Amino acid sequence: MPEQRYRRLRLVLGDQLNQAHSWFHRVDPETVYLLAELRQETDYVKHHVQKLCAFFAAMGAFADDLADKGHEVVHLTLDDSAEYADLPELLAALCRRFGVEAFEYQAPDEYRLQQQMRALELDGVSVAECDSEHFLLSRDELGRYINAGRHNRMESFYRKMRQRFDLLMQDGKPLGGQWNFDAENRAALTPSDLAQIPEPLLFANDVSEPLRRLQEHGVRSFGKAEESLLWPVTRAQALELLQYFCTVCLPNFGRFQDAMTGRSRHAWSLYHSRLSFALNSKILHPREVIDTAIDRYHAASDEISLAQIEGFVRQILGWREYIRAVYWVNMPAYAESNRLQASLDLPAYFWSGETRMNCMRQSLGQSLEFAYAHHIQRLMVIGNFCLLAGIDPDAVDRWYLGVYVDALEWVEMPNTRGMSQFADGGLVATKPYCAGANYIGKMSDYCGDCEYDRRQKTGAGACPFNSLYWDFMVRHRAMLERNPRIGMIYRNWDRQDAEQRRLTLERADWCRNNLEQL
Ligand code: FAD
Ligand code: SF4
């Protein structure tokens, strides 16, 4: 570490790798930037090893890049920071060592870190917070778009965003005369589609050093450890992935957005962008991702339909910004919500992938292999299973926050606790996203390769999702029956033969008591 003295210390967190931030517009020899691998960040939840390596490698690359541009940089690895209990202790020590007068940080996107930063007191050093200059909406204006404590429709939010940022608009109206082309998307994959799934663009970043550090410092992790990391960790790699997505995947992005398969080598990536790590670490800016995709749509509109580009823009301009707004207006109470009073533990196959349920084996297996699953696997397979089984949302949150390379609490929690587990009682979703084998069978080929029978609700060979689905409906009848989008389901249940209903609930009861054996 340099012994030099500086006037100002600026902290760059692992998810603040935004080269375009105004901090970096000017080189100031009196300002030193700090990037630090910290035990408080590796240990707040048990992480997938590739997630830890991706953040460490991206931080290292960012530090090198800043130094190449002439900035003063201190990059501390776990080897250097191990002697400090936490971030405040490290900052206090560095402020003393460098004799700084001022400390500055970008507003953290996670509540936990924001609380820590705002409580910071550094002897004789001024402390100032600034914007991370990443999101389309500033933190201050979120409350104008989303009301705390109640449901806010994503679709209304998205339309306002389209208008405000003038994206896919023509003369003040949505391009193509419609806001949302979702109905044209969502096809299942036919055998000929399977043969055409593109090979994903993968990188081969050497992470043997971060891996060594994690091992030597005894950091607990899970998932497949690889010395060669496939995720983009530099700005050049992130831009290459963005270009690859726009040229190769965007023409089919929305069309197969909900499709799932276990019958292709590239089943895990399909037509998804896999840009979430580059976005959430702020290597890429959401606006540049949207603009690049729209430019590509205009240049190749014979290949890319309006439905495909609209679907993609909606994910980033709509869902991503909406989810962040829900998080901030509802924290910290949001983290405590458990409206369905779910309380079971996660079964061990969440860490091994070893279960007889093929849909879960595939989705968990690829999560453990790549630290990635696409949205429908997260929502309608893994999340759906947790919801139906009644798993404690704290445990579900911890798992999701640990396993995915893109998982940061501001985006993970409203998706998991809200959209997927309905623990927020409907702040994100108007009804629980739950389904039996019918849905999974329609959107995937998983059921055809499963030991369980997707058509059965009762008996030892029956698909667990079927009985658990009805059991979930029955357990939460008082809360859900009056929901106009659900009432019909109860009429269907009431019409079923009484003995059939009894056997269905008996099978569900067995499943819930024997989750480990499924
Ligand atoms: P694509 O399918 O290519 O979509 C493009 C981009 O749109 C994504 O990169 C992402 O930035 C954005 N996006 C799409 N859907 C959402 C959404 N619902 N919320 C926020 N952004 C969205 N996303 C995360 O970034 N981090 C998480 O920790 C996370 N946890 C999730 C947990 C659950 C239970 C569910 C149901 C969803 C979760 N998502 C999370 C949202 C979504 O599944 C991922 O953003 C997406 O799968 C990332 O892969 P991709 O980049 O290939 O996305
Ligand atoms: Fe999953 Fe049931 Fe289909 Fe098996 S039969 S893959 S458990 S939904």
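Rule-based calculations on the coordinates, nothing more; no lab input. What you are looking at is a predicted structure, and each value in this text was computed from that prediction instead of being measured. Heads up, the Cβs are rebuilt from the backbone with ideal geometry, glycines too, and the neighbour counts pull from every protein chain shown.
Based on the Kirkwood approach, the hydrodynamic radius assigned to the range 188-271 is 15.0 Å, with every pair of different Cα atoms included. If you add up the charges near Cys246, with Lys and Arg at +1 and Asp and Glu at -1, over every other residue whose beta carbon is less than 12 angstrom from its beta carbon, what do you get? Within the 12 Å Cβ shell, the charges total -4. Consider all pairwise Cα distances in the range 317-467 and report the whole-number % of them above 20 Å. Percent of Cα pairs beyond 20 Å in the range 317-467: 47. Under 5 Å between amide hydrogens, built in the peptide plane, is the criterion, and for Asp28 it picks out Glu72 among residues at least 5 positions away or on other chains.
The range 439-480 and the range 194-222 have Cα centres spaced 34 Å apart. Across the alpha-carbon atoms of the chain, the computed radius of gyration and Dmax are 23.8, 80 angstrom. Checking the cross-link pairs Lys173/Lys442; Lys51/Lys160; Lys282/Lys431; Lys46/Lys457; Lys46/Lys282 against a 30 Å limit on the alpha carbon distance flags Lys173/Lys442; Lys51/Lys160; Lys282/Lys431; Lys46/Lys457 as lying beyond it. Spin-label pair Asp302-Asp345: with each label point 7 Å from Cα along the Cα-Cβ axis, the two points sit 6.1 nm from one another.
Over all pairs of different C-alpha atoms, the range 60-103 has a mean inverse distance whose reciprocal, the Kirkwood radius, equals 11.8 Å.
In degrees, nearest 10, range 0 to 90: what is the angle between the Cα axis of helix 464-475 and the longest Cα principal axis of the chain? Here the helix axis deviates by roughly 90 degrees. In terms of Cα atoms, the Rg and Dmax of the range 136-180 work out to 12.0, 35 Å. Evaluate the Debye formula for the range 398-518 with equal point scatterers sitting on the alpha carbons, no solvent, and hand back log10 of I(q)/I(0) at q = 0.14, 0.22 Å⁻¹, in q order, two decimals. These q points yield log10 I(q)/I(0) values of -0.73, -1.32. The share of Cα pairs per 10 Å bin across the range 180-227, counted from zero up to the longest distance, runs 18, 26, 19, 21, 16, 1 percent. Per-residue Cβ neighbour counts within 10 Å put Lys457, Lys431 in the sequence Lys431, Lys457, beginning with the fewest. Binning the C-alpha pair distances of the range 311-406 at 5 Å intervals from 0 yields a P(r) profile of 3, 12, 19, 23, 20, 15, 7, 2, 0 %, listed from the shortest bin outward. Were the residues from Val248 through Arg159 laid out at 0.36 nm apart, the gain over their Cα-Cα distance would be 29.3 nm.
Add +1 for every Lys or Arg and -1 for every Asp or Glu among the other residues with Cβ under 13 Å from the Cβ of His21, and state the total. Every neighbour counted, the sum reads 0. Rg over Rh for the range 133-222 works out to 1.17, both radii taken from alpha-carbon positions and Rh defined as the Kirkwood radius.
Across all directions, the average flat footprint of the convex hull enclosing the Cα atoms of the range 27-103 is 5.5 nm².
Normalised radius of gyration (Cα atoms, divided by 2.2 N^0.38 Å) for the range 191-339: 1.22. Between Phe256 and Arg186, Ala187, the built amide H atoms are under 5 Å apart, and every one of these is 5 or more places off in sequence or on another chain.
The Cα-based radius of gyration of the range 95-252, divided by its Kirkwood radius, gives an Rg/Rh of 1.06.
The H on the amide N of Phe222, modeled in the peptide plane, is under 5 Å from the matching H of His47, His48, Val49, each at least 5 residues off or on a different chain.
Computed from backbone phi, the HN-Hα couplings of the range 245-257 come to 4, 5, 7, 9, 9, 4, x, 10, 4, x, 3, 10, 5 Hz, rounded to whole numbers (Karplus: 6.51 cos²θ - 1.76 cosθ + 1.60, θ = phi - 60°; Gly and Pro given as x).
Restricting to the chain, compute how many DSSP beta bridges are antiparallel as a %, nearest 5. Here the antiparallel bridges make up roughly 15 percent for the chain.
Rg/Rh for the range 224-263 (Cα atoms only, Rh after Kirkwood) is 1.09. Label point of Val27 set 7 angstrom out along Cα-Cβ; within the range 37-73, amide nitrogens under 16 Å from it belong to 63-73. Extension gain, Ala204 to Gln19, is 64.4 nm, computed as 0.36 nm per intervening residue step minus the present C-alpha separation.
Compute the separation of the alpha-carbon centres of the range 61-103 and the range 224-261 and state it in Å as a whole number. Value for the Cα centre distance between the two parts: 32 Å.
Structural size metrics of the range 1-153, computed from C-alpha coordinates, are Rg and Dmax of 16.3, 54 Å. With the convex hull of the Cα atoms taken as the outline of the range 228-316, the averaged projected area works out to 6.1 nm².
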